[in-house]
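What follows is a single structure, written as C-alpha cells, with notes after it.
Here, each number is a calculation from the coordinates, and none is a lab measurement. Bear in mind that the values here come from a model prediction, so they are computed numbers and not experimental data. In this analysis, Cβ positions are derived from the backbone assuming ideal geometry, glycine residues included, and neighbour counts consider all displayed protein chains.
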C-alpha cells in the first residue's frame, strides 16, 4: 500500500486533530506548573516534565488505535494475504501511522517546552525522549495483538482506558514497585540526573518483552508452540523486571554528573551549571573577597573549591575542609553569596548543634561579611524566633563584635563547643 493511501485510510489521521488539541490544551494548563522550576540548562529536566504528564496519553492513543487497526484488518480479511505479504509486514504498515501520531504527542510538546525554557537538547534529554518513543511502539504492538485476537468494537476503548489508568495511576499506589515498571519516573529529574541503566531497563524489559511475545503469536508455527514460547517470554520478562525494582523506594535509582558544568578560578575553583557561566567571574571575585574577610576575622577559610549545590541536589555532597558545597546560583540570584559562603566557614562537631549558640555563631559570621540582615531574615521564618529573641541575639552578638580580634575568636571557639554540649534543634 502506498504511504499516502495508508495515511488517509488510517484511524490515526482522523484522531490526530483531537489528540493534538487535547495534548496542547493540557500543555498550556497543568504541564506549565512542572516547567516553572529552573532547569539550569539541563534538557532532561524539561523532557522528564513532559513525559511524566503525557506518556499515559501517548500510550493510550497508541494501544487504542492499534487495536482499531487490527480489528479493521480482521474484519476485512486482509490477514489472509499472508501468502503474498507476511503478517509482520502488514502489521508494520498499519502500525506506522499510529506510532507516528503517538510520537508526535511526545515530540511536539517536548520541542515547545525546550523552546519555552530556552534549553538546548542534550544527550540525557534525548535519551529520555527515545526511551518514551520505544515504549510507545511496544504499547502499540500489544494493542494491535489484542485487537487482532478480540475483534469486538468494545476492545478499542477498553484497552485505551485500561492502558491510560494502569500507567497513570501507578504513581499513586502505596506499593512503590509498580510505578517503576510504567516508564514514569517519580520525582523531578534534577540537574545532572538520569535514571540508571537498571531504571531504564525495567520498564523496557516488561513492555518490549510483552510486545515481542505478542508478535510471536503471529509466527507461522504450531499454535501450541508459539503460545508456549510467548507465555514463557512474558513470564520471564515480568519476573526479570520485578526482580530489578522490587526493593526500590518511591524514587528509583539515578546516576548523576550528566549536566554540563563550568569551572573557573584556582583558589578557590568555582564550579556551577554552564547556563550560569556568565556569572562565574563575578562570583569568583565575591567569593575571594568573602574568604579574605573571614580569614581576617580569624577563621580558617581556605577551600580549594566551591561547588554549587545544584550539581548534587538529590544526593548532596557534604562540605569538607577543602571542598565546600555552596548554593552559589541561589546566592547570586538573591544577593546572598557572602552569607552562603560565610555559613560554610562554620564547623560544628555535632549535628544538629544547639539552637541558641549556633544562632549566635551564624549571626556573628554573617555580620563579619556584612550580611547580618540576611541571616535575621532567614530566622524570621522560625516560629520560636520572636521580636524579643531577635533583640537578645543582636545585643549578645553586638557586644562580641566590640571585642578585639583575639577575644572574638576565643568567644567563637567557646560558643561552637557549647553548641555541641547541648541537645540540638534547628539553626
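The C-alpha atoms of the chain define a longest principal axis, and helix 43-75 lies at about 10 degrees to it.
Against the set (i) 20; (ii) 33; (iii) 44, the structure's computed percent of Cα pairs over 37 Å apart falls on (iii).
Put in line by how crowded their Cβ is, counting other Cβ atoms within 10 Å and starting with the fewest, 8, 226 read 8, 226. The equivalent ellipsoid of region 210-346 has semi-axes of 56, 15, 10 Å, largest first, where each one is the square root of 5 times an eigenvalue of the Cα gyration tensor. Sorting the segments 340-353, 406-419, 386-399 by their residues' average number of neighbouring beta-carbon atoms within 10 angstrom, most packed first, yields 340-353, 406-419, 386-399.
For the pair residue 111 and residue 20, how long in nm is the line joining their label points, each one 7 Å along Cα→Cβ? Each label point is offset 7 Å from its Cα along the Cβ direction, giving 1.0 nm. Give me the distance between the Cα centres of region 121-155 and region 298-347, rounded to whole Å. Region 121-155 and region 298-347 have Cα centres spaced 45 Å from each other. In the chain, the longest principal axis of the Cα atoms and the axis of helix 155-168 are about 10 degrees apart. Rounded to the nearest 5, the antiparallel percentage of DSSP beta bridges internal to the chain is 45%. Of all DSSP bridge pairs formed entirely within region 261-345, close to 35 percent run antiparallel. Please determine, in degrees from 0 to 90 and to the nearest 10, the orientation of helix 355-368 with respect to the longest principal axis defined by the Cα atoms of the chain, where the helix direction is its Cα long axis. The answer is roughly 80 degrees.
Here the Kirkwood formula puts the hydrodynamic radius of region 3-255 at 18.9 Å, using every distinct Cα pair. Residues of region 116-139 with the amide nitrogen closer than 20 Å to a label point 7 Å from the Cα of residue 274, along Cα-to-Cβ, please. Residues 116-130 qualify, since their backbone N sits under 20 Å from the label point. Between residue 266 and residue 72, the simple label model (points 7 Å from Cα in the Cβ direction) yields a spacing of 7.0 nm.
You can think of it this way: the chain between residue 387 and residue 89 has 99.6 nm of extra reach, that is 0.36 nm per residue less the Cα-Cα gap. Taking 0.36 nm per residue of separation and subtracting the current Cα-Cα distance, fully stretching the chain between residue 29 and residue 405 would add 129.6 nm.
Between region 360-427 and region 208-254, how many Å separate their Cα centres? About 61 Å separates the Cα centre of region 360-427 from the one of region 208-254.
Kindly provide the helix-only [θ] at 222 nm of the chain, computed as the sum of -39,500 (n - 2.57) over DSSP H runs of four or more divided by all residues, to the nearest 500 deg cm²/dmol?
Working: 16 runs with 261 residues, N = 427.
Result for the chain, helices only: -20500 deg cm²/dmol.
What distance in nm separates the two pseudo spin-label positions at residue 162 and residue 288, each 7 Å out from Cα along the beta-carbon direction? Those two pseudo-labels are separated by 6.7 nm.
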